[in-house]
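Contents: one structure, followed by commentary.
None of the figures in this text is laboratory data; all of them are computed from the coordinates on show. Keep in mind the model is a prediction, meaning the values are calculated, not measured. Quick reminder, even Gly has a Cβ in these numbers, built from the backbone with ideal geometry, and neighbours come from all protein chains shown.
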Amino acid sequence: MLIETFTVGMLSTNCYVVNCHDTKEALVIDPGLDFSSEAKPIFDYIDEAKLTVKFIVNTHGHSDHVKADALFQEKYDVPLCIHPGDAHFIEGLEKGRFPANVMLRDGDSVKFGNESLQVMHTPGHTPGSISLVGEKLVFTGDTLFAGGIGRTDFPGGSDSAMRLSLQKLVRLPDYFLVYPGHGETSMMGEEKRVNPFLNNKSEDLFF
Ligand SMILES: [Zn+2]
Ligand SMILES: [Zn+2]
């Protein structure tokens, strides 16, 4: 599985293009661009690497992750996938947008070429936040960041749901790479060691 990271938008969202090395089939995760000009390097990368985009996947429905869904759907004519708990975010955006095509639920797999990512429902930041779990890596959206976690004080956020979601994520092995929705890539072992929300050192919110 090859992963290319594009940091886009005013909130520096990580948009990931993930592809199967053997077949060149690919996913675009969280195209939250603020300006259409930001799409060009991503489109160029996909062209130059000769990738076939199969799905657009949103880790959750916040606009900094979904803003360019329609642009990518128009370009690649592929399904848009999101958890049903967050589908309303997309449908509530400006008129003329496409609704989500594929509802991703806990345990579902998103397949591209010989690769797949399994959906782990990790609500708390939003009701329909998901993490995408591969063999040795996880895309955590705005649930888990390097050294932190996503806010739970937006509408639909929940501290108790976040606590349970983090308990699910910490069961992943230490060698797993963590690809968050914002900021640096990390390792699960490192997060268990230093992230105050995962190692019982945070006084507010958890444990
Ligand atoms: Zn968010
Ligand atoms: Zn975000």
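Just to compare against my own numbers: the Cα pair-distance distribution for segment 68-156, 10 Å bins, whole % per bin, please.
It works out to 16, 42, 36, 6, in whole percents.
Please state the Cα pair-distance histogram of the chain with 10 angstrom bins from zero: what percent is in each bin?
For the chain, the pair-distance distribution reads 9, 38, 38, 14, 2.
Go ahead and estimate [θ] at 222 nm for the chain from helices alone: -39,500 (n - 2.57) per DSSP H run with n ≥ 4, summed, over the residue count, rounded to 500.
Values: 6 runs with 45 residues, N = 207.
When only DSSP H runs of four or more count, the value is -5500 deg cm²/dmol.
Tilt of helix 39-48 relative to the longest C-alpha principal axis of the chain, in degrees (0 to 90, nearest 10)?
The angle comes out near 70 degrees.
Going by C-beta contacts inside 10 Å, put Thr5, Thr140 in order with the fewest on the left. Write down the numbers at each step before the final one.
Numbers: Thr5 14, Thr140 31.
Going from sparsest to densest Cβ surroundings: Thr5, Thr140.
Check His182: other-chain or 5+ apart residues with amide H under 5 Å from its amide H, H built from backbone geometry?
Asn14
Can you list the lysines whose alpha carbon is less than 26 Å from that of Lys111, not counting same-chain residues fewer than 8 positions off?
List returned: Lys24, Lys40, Lys50, Lys54, Lys67, Lys75, Lys136, Lys168.
Please list, in order along segment 71-85, the HN-Hα scalar couplings obtained from phi with the Karplus expression 6.51 cos²θ - 1.76 cosθ + 1.60 (θ = phi - 60°), rounded to whole Hz, x for Gly and Pro.
4, 6, 5, 5, 5, 10, 6, 10, x, 9, 10, 7, 6, x, x
So for each of 125-137, 38-50, 171-183, 6-18 I average, over its residues, the number of other beta carbons within 10 Å; can you give me the resulting order with the highest mean first? Each step should come with its number before you reach the end.
Details: 125-137: 22.8, 38-50: 13.7, 171-183: 17.6, 6-18: 19.5.
Ranking, from highest mean packing down: 125-137, 6-18, 171-183, 38-50.
Would you grab the residues whose amide H sits under 5 Å from the one on Phe176? Only those 5+ places off in sequence or on another chain, please, with H modelled 1.01 Å from N.
Correct list: Met188, Gly189.
Once you place label points 7 Å from the Cα toward the Cβ at Asp159 and Thr52, how far apart are they in nm?
About 4.9 nm separates the two model spin labels.
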